[in-house]
1. Using a 10 Å cut-off on Cβ atoms, rank the peptides 415-428, 250-263, 585-598 from the highest mean neighbour count down.
2. Which entries in Lys383/Lys424; Lys156/Lys176; Lys618/Lys672; Lys152/Lys176 show an alpha-carbon gap greater than 21 Å?
3. Hey, rough spin-label estimate for Met130 and Leu616, points 7 angstrom out along Cα→Cβ, what's it come to in nanometres?
4. Highest first, please rank the peptides 33-42, 448-457 by the mean number of other Cβ atoms sitting within 10 Å of their residues.
5. Using θ = phi - 60° and the Karplus curve 6.51 cos²θ - 1.76 cosθ + 1.60, what whole-Hz ³J(HN,Hα) does each residue of region 224-241 get, with Gly and Pro shown as x?
Amino acid sequence: MKSTKTLWLVRVVWLVTACFAIYFFILDFPVRLETYSSICENPSDCLETGQLTGDEAGQLSQLGLSLDSYAGFKVFLEIVNVLVYFGVSSLLLFRKEQPLFNLYVSLVFLSLGFGLSYNFLNDHPAHFIMYHFISNFGATYLVLFYVLPDGKFVPKWTVFIALFWILVGIFSVYFKGSVLDVEKWPIWLGAFCWISFHVGLIFSQIYRYRKKADSIVRQQMKWYLYSIIMYVIALLLLNFVGPLNISLKIATEVVFALSEMLIPLSIGFAIFKYRLWDINFIIHRTVLYGILSLLVVLFYSISISVLSRYIVEEEKMISSLITAGMIAIGFQPVKEKLQSLVNRLIFGERDNPLSILKKLSSTLTAAGSLENVLPLVVSTLTKTLKIPYVAIRLIGKEEPYIAASIGTPNNAYTEIPFFYQGNKLGSLLLSSRDTNEPFRQRDIELLEGLAQQVGIVAQSILLHKDLQRSRSKLVLAREEERRRLRRDLHDGLGPSLASIKMKLDVAESFIISKPESASQIIHDTGNQLKLLIEEIRILVYSLRPPVLDELGLLAAIREMCSHYSQTGINFSVLATPDPLPALPAAAETAVYRIAQEAVTNVVRHSSANQCAITILEKNGSLHLTIVDNGKGMPKQVKRGVGLHSMNERAEELGGTTMIENSADGGLAVLAKIPINRGGFDD
C-alpha cells in the first residue's frame, strides 16, 4: 500500500514538473527562433548560443539558404531532442521498482530535454522558483552517473561527494553573490572541488564495474558509457570540425543532436534492461566503421592535396576521381584487415586457432612444474579468447574437483569434456562474454580442439598425482610395517627371550642342588622356544610368504588351492609360459596376495564348484585372472577390506585390478602387474 502511494506521488510530481517544462518551452519558443535567426555579435559566445557568425551566414546564403531556414533547422533538432527526452522520462514512470530513483532520472531528462534559453528569466521573472527547480536537475545531471544503473551509490561514501555537488548548485542559485556562491570562491578552491567531483565520478564507475557489477550490470554500464563516448566525440567534432565551413557545421550539429538523444535512450535501455546484449554488436560496428571512416577521410584529404600539386585547376575533377577509385579498390581489403584487428581487440584470438595453439604450447613449455601448468592454461585461454571465466575440472579418485580457475563465472557456463584414449578425464568450463551471447558453433569446435590438448596435459597431471599418492602410500605402509615389526619384537620376542634367559639362569643354579627341578625348567623352556619359533615364522610370513622362496609363485598358488580341496571346489591353475620366468620379488608377492584374497572370497561367498586361475606373462606385465562359476557379485555391494587390499597391492606397483561378473554369471578378478619396472627387483 505504501509503495503504491509513493508511486502515485512520484507520478504527480513528475506530471506537474512536466507541465511547467512544456509551458516554459512554449514561452521560450519565439525567443529561440529570434536568436537563431540573428547573427552572433560576439564570436566567443556563438557556440554557446547556437548562432551563426557573419562569415557562416554568408556561406549559408551561398548555399541558397536563409537565416530563417537555419533557425527552423535548429528548432526542429531541439523539438526532436525534446520528444526523445520526454518520451524516455515518461516511460520511466511506468517502472514500479525504485520510484524515487525513477523520479530523479525523469526530472533530469526533463531538465536536459527542455533546456531553456539564458534570457528566459529576463522575460519571465515570475517563474524564478520553478525555472530553477527544473534547471537545477539538469545542472546536477552528472550526479546521475554516481547512481547508474541501479540507483545505488557505489562505494557508499560517494553519496557525500554527490550531496556536496548538489548543495553547491543550489547555493549558487538561491544565494547568488554570497559566500556560498561558488563563483565567489577562490579559483583554486573551485578547481579543486570540480576536479574532486569528476575524479570521484570516474572512480565510482570503475570501482562499480570491476568490483561490484555482475554480467547484467556490466552490460547496463556499457550502454550509457558508449553513449557518453559518442557524445564526447560529437562535441569535439562540433567544436573543431564544425567551424571550418557551414556545411560541416550543419553536419556536426546533426551528429551532436543525435549523440544527445543517444544518452537518454541508452540510459533507458540500461534501466529497463532492454536488449542489453545488442551493445556488443553496436560497439564492434562503431569501432570498425569509425576507424574506417577516419582512414577514408585522411586518405582522401592527403591524396587530393598531393595530386593537386601536379594537376591544373581545370582538371581538379580528375584528382577526385583518381582518389575515389583508389579508395574503392582499397576499401574491402582494408575493411577486412580492420575487421580482423577489431575482432582481436574485442573477441581475442577466436578467429585464429593456430595462434591460440602456439600460445598454449609456449605456455606448457615455459611451465616450471606440473603444479603451474593448469593455472597457466586457464590464464592463457582467458587472455586469448577474451572471456570472463575459465576453469578445468578433473575427475579424481573420489569426485570431480576444480583443478584451476580464473575469473568470475556468469549464471551459466559451457562445459567441454576432454578425453585421453577414450577415458573422460574432466571438463573445460567456460563462461561466454555475456550470458545472452552464447558461444557460436565455430567457437565450440575451437574449444573442443583446445579441450583435447588440455586432456593430454590433464593425463600427465593425474598420473603425477597418482604417482605421488602411490609414493605416499608406500612410505606410510613402510612406516606402518616398521612400527608393527618394532611392536612385535618389543612386546613379543623381547619379553619371551628375557623370560627364557631368566629360566635358564634358574635351571643352571638348580643343576647340582635340584636336578629334577632344573630338568623341568629346561623342558618348559624348550616348549616356550617352540612357541617363539612359531611366532618368528608368523612374523617372517607377514613380510613375504616363505612358500614363494621354497616353491615359486605357480607352485605356491597350487599349494594354497590344495588346502581348500575339502570345500568341494575344483581349482585349476594354469600359467603361460610354464614355468614362469624369474619375477621381481615385489611382483611375486603382490600376485600371490591378490590370488590368496580372491580364492578366499570364492570359498566364502561364491557358492561355486569351479574356479580357474590363469597367469599370463605378456608385454612386460603379469596378467592374473581368477574366474568362478558362482553367483557373481550383486549390483549393490559394499567393498570390504579385501577388495581394497587387492587394489592397493596392484596400484603400488603401477598395476590395475578389475572385478566384474563373468559371462557365465560368476565372478572374474582381473589383475595386471608390471614386472619390468625398475625399483621392484630383488
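1. Details: 415-428: 16.6, 250-263: 18.9, 585-598: 21.0.
Peptide ranking by packing, descending: 585-598, 250-263, 415-428.
2. As for pairs spanning more than 21 Å Cα to Cα, those are Lys383/Lys424; Lys156/Lys176; Lys152/Lys176.
3. Label at Met130, label at Leu616, 10.0 nm between them.
4. Details: 33-42: 15.1, 448-457: 18.0.
Per-residue Cβ counts within 10 Å, averaged per peptide and sorted highest first, yield 448-457, 33-42.
5. Values per residue, Gly and Pro as x: 6, 5, 4, 5, 5, 4, 4, 5, 5, 4, 5, 5, 5, 4, 5, 7, 10, 9 Hz.
Here, each number is a calculation from the coordinates, and none is a lab measurement. A quick note: this is a predicted structure, and the numbers were derived from the prediction, not measured. Neighbour counts run over all protein chains shown; Cβ positions are idealised from the backbone, glycine included.
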